[in-house]
There are 4 protein chains.
Amino acid sequence: MTKFALLGCGRIGKMHAATISSAPGAELVAVYDPVTDAADAVGRSFGCKVAKDAAEAIEMADAVLIATSTPTHADLIEAAANAGKAVFCEKPIDLDLKRVVACRKAVSGLGVTIQIGFNRRFDPGHRALRDAVQRGELGELQQVVITSRDPHIAPRAYLQVSGGIFRDMMIHDFDLARFVLGEEPTAVFATGSALIERDLETELGDVDSAMVIMRTDSGKLVHINNSRAASYGYDQRLEAFGSKAMLISSNRSPNELRKFDGQFTDAGVPYYDFFPSRYAEAFSNGIISFIESIKNGSKPDSTFDDGEKALVLADAAVLSKKLGRFVKTSEITGAVS
Amino acid sequence: MTKFALLGCGRIGKMHAATISSAPGAELVAVYDPVTDAADAVGRSFGCKVAKDAAEAIEMADAVLIATSTPTHADLIEAAANAGKAVFCEKPIDLDLKRVVACRKAVSGLGVTIQIGFNRRFDPGHRALRDAVQRGELGELQQVVITSRDPHIAPRAYLQVSGGIFRDMMIHDFDLARFVLGEEPTAVFATGSALIERDLETELGDVDSAMVIMRTDSGKLVHINNSRAASYGYDQRLEAFGSKAMLISSNRSPNELRKFDGQFTDAGVPYYDFFPSRYAEAFSNGIISFIESIKNGSKPDSTFDDGEKALVLADAAVLSKKLGRFVKTSEITGAVS
Amino acid sequence: MTKFALLGCGRIGKMHAATISSAPGAELVAVYDPVTDAADAVGRSFGCKVAKDAAEAIEMADAVLIATSTPTHADLIEAAANAGKAVFCEKPIDLDLKRVVACRKAVSGLGVTIQIGFNRRFDPGHRALRDAVQRGELGELQQVVITSRDPHIAPRAYLQVSGGIFRDMMIHDFDLARFVLGEEPTAVFATGSALIERDLETELGDVDSAMVIMRTDSGKLVHINNSRAASYGYDQRLEAFGSKAMLISSNRSPNELRKFDGQFTDAGVPYYDFFPSRYAEAFSNGIISFIESIKNGSKPDSTFDDGEKALVLADAAVLSKKLGRFVKTSEITGAVS
Amino acid sequence: MTKFALLGCGRIGKMHAATISSAPGAELVAVYDPVTDAADAVGRSFGCKVAKDAAEAIEMADAVLIATSTPTHADLIEAAANAGKAVFCEKPIDLDLKRVVACRKAVSGLGVTIQIGFNRRFDPGHRALRDAVQRGELGELQQVVITSRDPHIAPRAYLQVSGGIFRDMMIHDFDLARFVLGEEPTAVFATGSALIERDLETELGDVDSAMVIMRTDSGKLVHINNSRAASYGYDQRLEAFGSKAMLISSNRSPNELRKFDGQFTDAGVPYYDFFPSRYAEAFSNGIISFIESIKNGSKPDSTFDDGEKALVLADAAVLSKKLGRFVKTSEITGAVS
């Protein structure tokens, strides 16, 4: 039994609590959240200790799941790793690449398993696509196209501290692109607009609609588009185009009901409403995989370096959007070499 | 150049006129219709002779296309065949199996090419399915399921002389089943209801909704369902289930536009509105194939016998619906042995 | 907390144990299986009492889940109901309609909640289809078409005691048809063949491929086809055709990966491999709904009567296949009036 | 009857000859091609005059269809327009924007109908999408995503004189983007790689794989990706994403056969093999629309200006690829103001 401590009992924390509780070989032993009510509620639901602080929770566990607010991630990773515990940290490690680099240096050599919560890597469809690419089923991979659109724009309060669309939302897609490519994108072009909430750009300097093109050194091309609001549900499509085949890991619906009438044929129900339902299986697989990595001492499928490299791409995108030109990842100070 | 005479200038006649005109190696030389205006209109459109009677039209041609009203089919087949002309006759040969049998006897031995207008055999999808069955791609064929629904119920005047749903509408599906099976259905069970126009059964003894099950001697099973009115367009699905694979030749739409909104995802436009658009390519392929058969002296892909055998199945269905039991085709007097 | 006793720890019993354990508001307190090893394994996995007999397990529980071999179902239903416990019994209640009728009489008036395990009623897609029919979204319902094919034929030992394809396999589809129709089929025509294992008919008098047509008194038509082996996975399609729309609750796949290459486009992965994966959500929903019914004292969504009526249709099918004619449900002795 | 002269009897010229011949209200009266054999063959097939030079052909006609090699387009447009004839010219007008501008000045004020052969505007699906955007069915349009991949890379001899991927191939997509947007893209970012034929870049300075992002002044975003070789057929997808709905005009197949076996489900046949089959209906609709414009004196649906503006975007893409930055269309000398 791997004993888990959960730090952070907000929406995503609660999801992880449920996932851990039903994962074979895992047990939730302690939770902590500075908002006592939130921690109590989760503690009661899952019948585990509500710790008085993060340190106490970490102490009780073999593995620490960090689902707190972003600014606390790096400190908690260091605390847990220094205590010799395995760490599962929600993305992003930090919004500031410098802090990420410092954190990396602090924990390297401690020999603990650290997994970053890039849940999409564990989606059955996306993963089957990646595996097919790796097996050479597509021939030579040439293009990757990612469509990633949220169902509803987040509240302004969230957007304010989110780090912007590239670091908060597209970071998942940067990671997914790297996951599929098997090589690093080294040049990034990005642009975006505030089309859903027109004052987003003037108020926060952020956008709600974005498009990116990336290149690898071997010439592979990647396109990512993002929108903060899609009327038809959570739109998550991953396309890999190769010399011998194209694969698409397409959207998934809550059920397979299809309607045919005078207006439409083959009309399916709207897609899943957001990531907790769309990626439920991925969240569960991610925890199971993390437990395996701890047991076997193997490298997790989504490492600290993956978290850092995705942030480098996001930083390159931010800079590119400002400059209106291709930005090389080598221009981003502090990037992993 | 194969010179065609067209007998019958109604809706389906006009379609054939256009098809012949654009078919390579074919020429429309004469048309005839007892309704002079109809004949004149087609003659003018396609720049060909308007014959004073069927005999004159037949005389001018190498091949005669019969698209007149059903009761005249058999006489015209005999007239054309006796004149040594190739014959393409719309289904059905006749509503009365005895007349069909007599016609068969009258034309057998004349050595002329006779093709019956079972257009669906020439649909690219249905044909590719049949070819795959013949190549053994499905392993052993076990079940055939045909869904065939018209978009709108025909006017009462048409239904009155149609011969009923089994002889008028399902006859296409009986033929399609034989086309795919590669063996004869020998037992037929049929039932039906008047669900669209409730007085159809009391007024005409006909139904607008029907279901059939058939068996072959080797135990293969066939299901056909018909409706005279489908809200979402012309519904034409052909499914072949075998030990190694299932194939479906599915519906086709006028274009591939798909809509995604708060209500639906992947919603396509309604299917083609009826057979002239849905089977446009099939009509054209049927004429081209007929011309090939004439040239090569080869057996058409849809023979007189096919017309007769489909009628035997329809007659068996009519009897089965009345008796509420499996009817063997051998019970149908005058069936082809 | 509803305390459950599980009787029967075979494949389906183990599934139910997992479902109960993760259902909110439910707790597995005891298991029993005459095969001690099976009971011990489940008891260990889920940390609950292994009872020395069924009576002891029943005693400990609020609700009894019966997943034992079919011949024991009716006795255990009576035992549990007499003990005042709620009952969830796997289908079928019994293969012999007389025993079912006797059981019904024995438990009627005891006022306990009894649910029969027709899991498909709880599938999100099938249920959404039924709800749309009930809301009148299809206009007047006219036809129901059910395709239901297992991925692999069961071992001969299972088939021997299964009660035959109509009572063992198609019984689910009979129930599903009733669920959607909202009225009773009163006439049944059935036929079938041994096409997968040719000696099935001579050895067991059973078939592996079957087709049925049913009618209701208002003239609605139903078709069901079954096969014991489909190469492409578990094929479960439910189609409802009405005057205003058609709905299809279609097959579901483990993921949404689609392949496009020189041979195929839009090729999805094979469907779920069988009911435990395809209907996982349905099994879970069924237990949750059962717990709600117990709490609220409301009628379950799948009652004892539903179990009996599906068996009447299966018996009618068996008789029809023998006689080659429509069999009225009123001809089946002992049917629920 | 609109009398057509066809200049150029190569592959695309022959297609147009067939389209004109079968278009109602059109007649092919003369053809010309410097390759006498090509002209003779078309003249014979369609029973029309083989002119001794372009001038003679133009003289005989009401409308001139220019399907000659690109460098002759502008001269022939001027010759035909000066003769007062309507002009249908294949894209591009010229590879050199200066020549296009000069041609525009030469023919402006002559009052003749000039249509450029952007066939995709006449595809039923793409047009229905554009119409829905114009009707406001999508709410506010935010993003356009175009996937456009040829089935096979063209021969080196063709690529050498093609003007490069942006002016030869993506020009169709630039036009399609403008068609859907209803406003002008004013900034273009482009990149590309030689991934199919690795020496294409070193030999010709061209690429076979390209990605573009464009912006309009209102902030709408456009992505286009191109490949010269797709294993699964001609890939033509047009996606419009708006605040209320997304529309996709998807790929079309020669038939609707779908296969289900142990490897795949719902596997369709490969898409149409290239534009002559994929856009057959569009070619025909384009000619019909051109004839309507001549008759009604109305503006064609694809004007000379459209041809020029698409070339400006292509030139901006060429420059952007070189500079690695957003290029504004206002930077392109000679652009239509």
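Read the figures in this text as sums done on the coordinates, not as results from a lab. Computed from a prediction, not measured in an experiment: that's the story for all the values here. In this analysis, Cβ positions are derived from the backbone assuming ideal geometry, glycine residues included, and neighbour counts consider all displayed protein chains.
Looking down the axis that turns D into C, which residue of D has the closest beta carbon, and how many Å out?
D:267, 2
Given DSSP loops and a limit of at most 12 other Cβ atoms within 10 Å, what is the longest stretch of chain D that contains no such trypsin sites (Lys or Arg not before Pro)? Write down the numbers at each step before the final one.
Working: sites that count: D:52, D:135, D:198.
Longest gap between qualifying sites, sites excluded: D:199-337.
Each label point is 7 Å from the Cα along the Cα-to-Cβ direction; what then is the distance between the points at residue D:161 and residue B:157, in nm?
Result: 6.2 nm between the two label points.
Among bridges DSSP assigns within chain B, what percent are antiparallel (round to 5)?
So the antiparallel bridges in chain B amount to around 55 percent.
Along each of the three principal axes of the Cα atoms of segment B:55-184, give the extent in whole Å, ordering the values from largest to smallest.
Sorted largest first, the three principal extents are 50, 38, 26 Å.
Name the residue, out of C:195, C:238, C:181, whose mean-square fluctuation peaks in a Gaussian network model built on chain C with Cα pairs under 10 Å.
C:195
Under 14 Å from a point placed 7 Å out from the Cα of residue C:288 along the Cα-to-Cβ direction: which residues of segment A:252-266 have their backbone N that close?
Within reach of a label on residue C:288: A:254-255.
Apply the Karplus curve 6.51 cos²θ - 1.76 cosθ + 1.60, θ = phi - 60°, to the phi angles in segment B:113-125 and return the couplings in whole Hz, x for Gly and Pro.
Each residue of segment B:113-125 in turn: 6, 10, 10, 9, x, 7, 4, 5, 4, 9, 5, x, x Hz.
Once you have the Kirkwood Rh of the protein assembly as shown from its Cα pairs, apply Stokes-Einstein at 10 °C and 1.306 mPa s and quote D in µm²/s.
It comes out at roughly 46 µm²/s.
Is segment D:216-270 rounded, prolate or oblate when judged by the Cα gyration tensor, a ≥ b ≥ c being the square roots of its eigenvalues, rounded requiring a/c under 1.5 and prolate requiring a/b larger than b/c?
Prolate is the answer for segment D:216-270, as a/c is 1.5 or above and a/b outweighs b/c.
Could you work out the percent of alpha carbon pairs in chain A separated by over 36 Å, rounded to a whole number? Write out the running numbers ahead of the final one.
On the way: 10847 of 56616 pairs.
Every Cα pair in chain A considered, those over 36 Å come to 19 percent.
Taking amide H atoms as placed 1.01 Å from N in the peptide plane, list the residues 5 or more away in sequence, or in a different chain, whose amide H sits under 5 Å from that of residue D:87.
So residue D:87 has HN proximity to D:64, D:113, D:114, D:115.
What is the Cα convex hull volume of segment A:108-248 when expressed per residue in Å³?
On the way: hull volume 19.7 nm³, N = 141.
Output value, Cα hull per residue: 140 Å³.
In whole Hz, what ³J(HN,Hα) sequence does segment B:134-145 give by Karplus (6.51, -1.76, 1.60; θ = phi - 60°), x for Gly and Pro?
Residue by residue, segment B:134-145 yields 5, 6, x, 5, 8, x, 7, 5, 10, 9, 10, 10 Hz.
Which lysines, on any chain, are close to residue A:49 with Cα under 16 Å apart, when same-chain ones fewer than 8 places away are left out?
Reachable lysines: A:3, A:14.
Quick query: amide H of residue C:302 versus all other amide H atoms, modeled in the peptide plane; which residues come in under 5 Å with a sequence gap of 5 or more or a different chain?
For residue C:302, whose amide H was placed from the backbone, the distant partners under 5 Å are C:116.
Calculate the translational D of segment D:133-184 in whole µm² s⁻¹ from Stokes-Einstein, where the hydrodynamic radius comes from the Kirkwood formula applied to all Cα pairs, the temperature is 10 °C and the viscosity 1.306 mPa s.
It diffuses with D of about 121 µm²/s by this estimate.
Where the centroid of each part is defined by its Cα atoms, how far is segment B:170-208 from segment A:112-168 in Å?
53
How much of the calculated P(r) for segment B:46-87 lies past 15 Å, in percent of all Cα pairs?
36
In the neighborhood of residue A:294, defined by Cβ-to-Cβ distances under 10 Å, what is the net charge if each Lys or Arg adds +1 and each Asp or Glu adds -1?
On the way: positive: A:85, A:295; negative: A:62, A:292.
So the surrounding residues net to 0.
Computed on alpha carbon atoms, what radius of gyration and Dmax characterise segment C:192-325, expressed in Å?
Both quantities, over Cα of segment C:192-325: 19.1, 58 Å.
I'm a student and want to see the number: the projected area of the Cα convex hull of segment B:1-61, averaged over all directions, in nm².
3.4
Can you list the distances in nanometres, one decimal and ascending, from the residue C:292 label point to the identical position in each other copy, with the point 7 Å along Cα to Cβ?
3.6, 5.3, 5.9
Once you treat every alpha carbon in segment C:154-207 as an equal point and sum by Debye, what is log10 I(q)/I(0) at q = 0.12, 0.15, 0.26 Å⁻¹?
Result of the Debye calculation: -0.34, -0.51, -1.04.
Suppose you put the label 7 Å out from Cα in the Cβ direction; list, shortest first and in nm with one decimal, how far residue B:160 is from each other copy's label.
6.5, 7.4, 7.8
When each copy gets a label point 7 Å from Cα toward the beta-carbon at residue D:131, what are the spacings between them in nm, shortest first?
Going from nearest to farthest copy, the values are 3.4, 3.5, 4.6 nm.
Which number comes out as Rg/Rh for segment C:24-123 once both Rg and the Kirkwood Rh are worked out on C-alpha atoms?
The Rg/Rh ratio comes out at 0.97.
Any idea how far apart residue D:203 and residue B:299 come out in nm if each label point goes 7 Å out from Cα toward Cβ?
With each label point 7 Å from Cα toward Cβ, the separation is 5.2 nm.
Using Cα pairs closer than 8 Å and at least 6 residues apart in sequence, work out the relative contact order for chain C, in percent.
Details: 694 pairs, mean separation 65.0, N = 337.
Here the relative contact order equals 19 percent.
Counting other beta carbons within 10 Å of each residue's own, what order do C:293, A:69 fall into, fewest first? Write down the numbers at each step before the final one.
Details: C:293 20, A:69 11.
Placing the least packed residue first, the sequence is A:69, C:293.
Please go through segment A:177-262 and write out the GluC sites (Glu not before Pro) that DSSP classes as loop and that have at most 15 other C-beta atoms within 10 Å.
Here the sparse-neighbourhood loop sites are A:183.
Label residue D:44 and residue C:44 with points 7 Å out from Cα along Cα→Cβ: what is the distance between them in nm?
8.6
Give the Kirkwood hydrodynamic radius (Å, one decimal) of segment D:76-141, defined as one over the mean of 1/r across all pairs of different Cα atoms.
14.0
Calculate how many DSSP beta bridges within the protein assembly as shown are antiparallel, expressed in % of all such bridges and rounded to the nearest 5.
The antiparallel fraction comes to roughly 60 percent.
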